[in-house]
4 protein chains.
Amino acid sequence: MIRKKEQILTSAIEIINRRGYTGTTMEEIAAELFMTKGSLYYYFKNKSDLLYQCHQFVVFQAIKDLEEILNSEGTAAEILTKMVAIHIEYAIEEKETFNLIMESKQFFNQEQLELVQKLWKNYEQLFAKIISRGIRNGEFQTKEATTARMFILGGLNWIQQWYKQNGRLAKDEIVSLYSDYIIKLLK
Amino acid sequence: MIRKKEQILTSAIEIINRRGYTGTTMEEIAAELFMTKGSLYYYFKNKSDLLYQCHQFVVFQAIKDLEEILNSEGTAAEILTKMVAIHIEYAIEEKETFNLIMESKQFFNQEQLELVQKLWKNYEQLFAKIISRGIRNGEFQTKEATTARMFILGGLNWIQQWYKQNGRLAKDEIVSLYSDYIIKLLK
Amino acid sequence: MIRKKEQILTSAIEIINRRGYTGTTMEEIAAELFMTKGSLYYYFKNKSDLLYQCHQFVVFQAIKDLEEILNSEGTAAEILTKMVAIHIEYAIEEKETFNLIMESKQFFNQEQLELVQKLWKNYEQLFAKIISRGIRNGEFQTKEATTARMFILGGLNWIQQWYKQNGRLAKDEIVSLYSDYIIKLLK
Amino acid sequence: MIRKKEQILTSAIEIINRRGYTGTTMEEIAAELFMTKGSLYYYFKNKSDLLYQCHQFVVFQAIKDLEEILNSEGTAAEILTKMVAIHIEYAIEEKETFNLIMESKQFFNQEQLELVQKLWKNYEQLFAKIISRGIRNGEFQTKEATTARMFILGGLNWIQQWYKQNGRLAKDEIVSLYSDYIIKLLK
DNA sequence: AATGAATGAGGCTTCATTCAT
DNA sequence: GATGAATGAAGCCTCATTCAT
């Protein structure tokens, strides 16, 4: 059943986001899913495989969300702002699994690594697209758009380090500030 | 001898930066230092303690470097540019040990965590200082300087994810581009 | 299988009685049981946990044996004599595991300690019962029965220090002498 | 300096009585004595040697105390009572070092073991003496005095297991009760 | 007499993984 | 599909002991 696997994935993502990857044992993941270690291995070849699939699942979903926005109406700046909102949402809520790219080299094998990086390239491309659209239609001026994009994604991801629920700034205030920074930066 | 401990630290930093923390065993660190595990434990209580001291050592040095620049002559923009260069240097060269703040919660105990975060606050403050100096003398306009600073540091740190020696851009080109982004962003 | 655990327990008791607790490694216990260290840890959380369960197992069995006697027919003196025989049997044959109460504070954690002491209280109570029965029916006269009981148990346990198989006195001669002492002492 | 060694011994005894032998490292003993491990090894060949000397020191002193009493005036019962008081004092106050005979086989090597047991024999002989004196002058009647003596010493030593300062019974009440038991037992 | 430093053997424990049933 | 049991490699850490200075 593909269903079952997806269910496991969803729960596993939630667990890993809560307790971190290295800090969680297969035993614990299984326990929280009310299964045994053995069963987990029926669905996933590896701990690393489980992690890999969690990660891809989340990033894939994020991509879908971004694509939808990318296809909607609006100026580049407007769309970028919405994309920023999405990214921040994932970065905060799916912390561990989403942000695995940061530490991908530590956890994935060669084969996985390539696929992870490929998917992440896709992810980045969506930001690349909207930036170049903005450049084309005169909203943005940056040259070296690639470097700019990477700086921006870094700024966005970093939010994980300091964001606290019920902190001084609400999520949408952050989105608004960050979008401003980004747009300024791109001019 | 305090010297000896410092020697160990320097080497350990180098090793950990190369192989990652989790991926390095005490045995290996000892071996590379031509000592025995036991000796290592004479100087450091723990693996975690060793890591902690490595991290603090690097950050402390970075702070000293930044402070020197902060006390030199120049416009806020000029000084900020130099600071960006320093930060990038550390982020790239001392990758694993410098950037431990990202994963500090996974590796440090409560006591260590507090000290790590304290030192990191000091680090951030140096950037805060130059930004507010720029605001005061009219070079920069940002309100919400704190949030801006965090976005910026995120953007800078992210360089670890993609920088490759002998890549398309040389380190100083990156510094130059990044400084531009940052200054634009702060206007 | 609860059986398996019990099997392990029985063997472990035998080994520990032979080599002492501190002197026995998990490795060795595993080896004698023809298992691997890992398997041992499947059944027991800890070395300390294993020891704890060994101890409780033995004391529990001793209690059962004593209870049976306590419920049999006979004068208090007769029953006490039989109980002395049982106690001596355990003290000699299950030396290390039975007598762990002596050093319980060194080996058990708080939680275990409480349970160990609770079970041992139960054990003592059986002797308390027969003594007070004897007092009630006029066989014994002691006041301060509690203190007397402790003196007696001490005297009994001490046998571990000097008993040697094939020594001058046979086990049942010792039982007979000791019972006499005890009964005299209680008059 | 023999003085120095004796000083160390006295302190070490105190420390070991407080923290137990296995649970105390040479490092800790040295620290409490304001010396370094190295120095400790100047005075004692071994950890086991240190322990051995602590033990012998205490038992030797106890023997001296007992001998003095043995040479004083009084009925056998009177003298025995005083000896009980001494023994209990040592058993309680010098717990770990005095009572090492219980676990001597675990801690001492062959050579030490023989000397330990020899000294302990001396110790026992003092009790043997007073008992046989009592038998000779008609105060006591026991045959199998040796066995009786061992039972008695066991009863006395056991006090360590349950005695609590500020408990229900004061030390001298215990002495009085115990002496009564013993004298009854010997009649 | 004293010490700081180094050593190395040995023990405990964890955990991903496998596999027969 | 599921599970309980077993495995073994690997890592961390402790500590008595030694030794040059």
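The values are calculated or read from the model by the stated rules, or taken from the named source; none is laboratory data. Bear in mind the structure is a predicted one, so any value in this text is a computation, not a measurement. Cβ placement follows ideal geometry from the backbone for every residue including glycine, while neighbour counts extend to all protein chains displayed. Ligands, DNA and RNA are excluded from the accessible area calculation, which covers all protein heavy atoms including side chains. Shrake-Rupley method; radii C 1.70, N 1.55, O 1.52, S 1.80 Å.
Taking (1) over 13 Å from the mean Cα position of the chain (by Cα); (2) open to solvent by less than 40 Å² (accessible area, probe 1.4 Å) in turn, C:Val116 satisfies each apart from (1).
Considering only the range A:150-175, state which residues are more than 10 Å from every other protein chain (Cβ to nearest Cβ) and either in contact with a strand residue (DSSP E or B) (Cβ under 7 Å, 6 or more places away or on another chain) or assigned to a helix (DSSP H, G or I) (or both). Write out each step before concluding.
Step one: filter the range A:150-175 for residues more than 10 Å from every other protein chain (Cβ to nearest Cβ), giving A:164-167, A:170-172, A:175.
Hits for the range A:150-175 are A:Lys171, A:Asp172, A:Val175.
What is the residue count in the range A:31-46 for residues that are near DNA strand F (Cβ under 6 Å from one of its atoms), away from chain C (no Cβ under 14 Å) and not in a helix (DSSP H, G or I)? Give the steps one after another, and end with the answer.
At the first step, the residues of the range A:31-46 found to be near DNA strand F (Cβ under 6 Å from one of its atoms) are A:35-39, A:42.
Applying the additional criterion that residues be away from chain C (no Cβ under 14 Å) yields A:35, A:39, A:42.
From the residues that got through so far, the ones that are not in a helix (DSSP H, G or I) too are A:35.
Within the range A:31-46, residues that are near DNA strand F (Cβ under 6 Å from one of its atoms), away from chain C (no Cβ under 14 Å) and not in a helix (DSSP H, G or I) number 1.
Going by what's in this entry, would D:Leu126 be described as of a type in the set (A, V, I, L, M) and more than 14 Å from chain C (Cβ to nearest Cβ)? Spelling it out, D:Leu126 is indeed of a type in the set (A, V, I, L, M) and more than 14 Å from chain C (Cβ to nearest Cβ). When the residues of the range C:134-168 are narrowed to those that are over 18 Å from D:Leu153 (Cα atoms) and of a type in the set (A, V, I, L, M), which ends up nearest to the chain's Cα centre (by Cα)? Step by step, filter the range C:134-168, then rank; the result is C:Ala145.
For the range D:73-80, does any single residue satisfy the condition of being free of Cβ contacts under 8 Å to residues at least 60 places away in the same chain, within 16 Å of DNA strand E (Cβ to nearest atom) and either away from chain C (no Cβ under 14 Å) or open to solvent by 10 Å² or more (accessible area, probe 1.4 Å) (or both)? No, there is no match, as no residue in the range D:73-80 is free of Cβ contacts under 8 Å to residues at least 60 places away in the same chain, within 16 Å of DNA strand E (Cβ to nearest atom) and either away from chain C (no Cβ under 14 Å) or open to solvent by 10 Å² or more (accessible area, probe 1.4 Å) (or both). Checking each residue in the range B:12-30 for being on the phi < 0 side of the Ramachandran plot, surrounded by 14 or more Cβ atoms within 10 Å (Cβ to Cβ), more than 10 Å from DNA strand F (Cβ to nearest atom) and within 14 Å of chain A (Cβ to nearest Cβ) picks out B:Ile16, B:Asn17, B:Arg19. When C:Leu66, C:Leu126, C:Leu115, C:Leu70 are screened for being of a type outside the set (Asp, Glu), closer than 28 Å to D:Gln106 by Cα and touching a residue at least 24 places away in the same chain (Cβ under 8 Å), only C:Leu115 passes. Evaluating D:Glu103 against the criteria (1) out of contact with any Gly (no Cβ under 7 Å at 6 or more places or on another chain); (2) within 14 Å of chain C (Cβ to nearest Cβ); (3) open to solvent by 40 Å² or more (accessible area, probe 1.4 Å) leaves one unmet condition, (3).
Looking at D:Glu96, D:Glu114, D:Glu78, can you tell me which residue is in a helix (DSSP H, G or I), touching a helix residue (DSSP H, G or I) at 6+ places or on another chain (Cβ under 8 Å) and among the acidic types (Asp, Glu)? It would help to see each step written out before you state the result.
Numbers: D:Glu114 fails: touching a helix residue (DSSP H, G or I) at 6+ places or on another chain (Cβ under 8 Å); D:Glu78 fails: touching a helix residue (DSSP H, G or I) at 6+ places or on another chain (Cβ under 8 Å).
Being in a helix (DSSP H, G or I), touching a helix residue (DSSP H, G or I) at 6+ places or on another chain (Cβ under 8 Å) and among the acidic types (Asp, Glu) holds for just one of D:Glu96, D:Glu114, D:Glu78, which is D:Glu96.
Looking across the range C:132-176, the residues that are under 12 Å from D:Met150 (Cβ atoms) and crowded, with 19+ Cβ neighbours inside 10 Å come down to C:Gly154, C:Gly155, C:Leu156, C:Asn157, C:Trp158, C:Ile159, C:Ile174. B:Leu70 satisfies every condition listed in (1) open to solvent by 60 Å² or more (accessible area, probe 1.4 Å); (2) at pLDDT 95 or above; (3) touching a helix residue (DSSP H, G or I) at 6+ places or on another chain (Cβ under 7 Å); (4) farther than 20 Å from B:Tyr163 by Cβ except (1).
Of (1) under 18 Å from the mean Cα position of the chain (by Cα); (2) open to solvent by 30 Å² or more (accessible area, probe 1.4 Å), D:Lys47 satisfies all except one. Which? Status for D:Lys47: all satisfied but (1).
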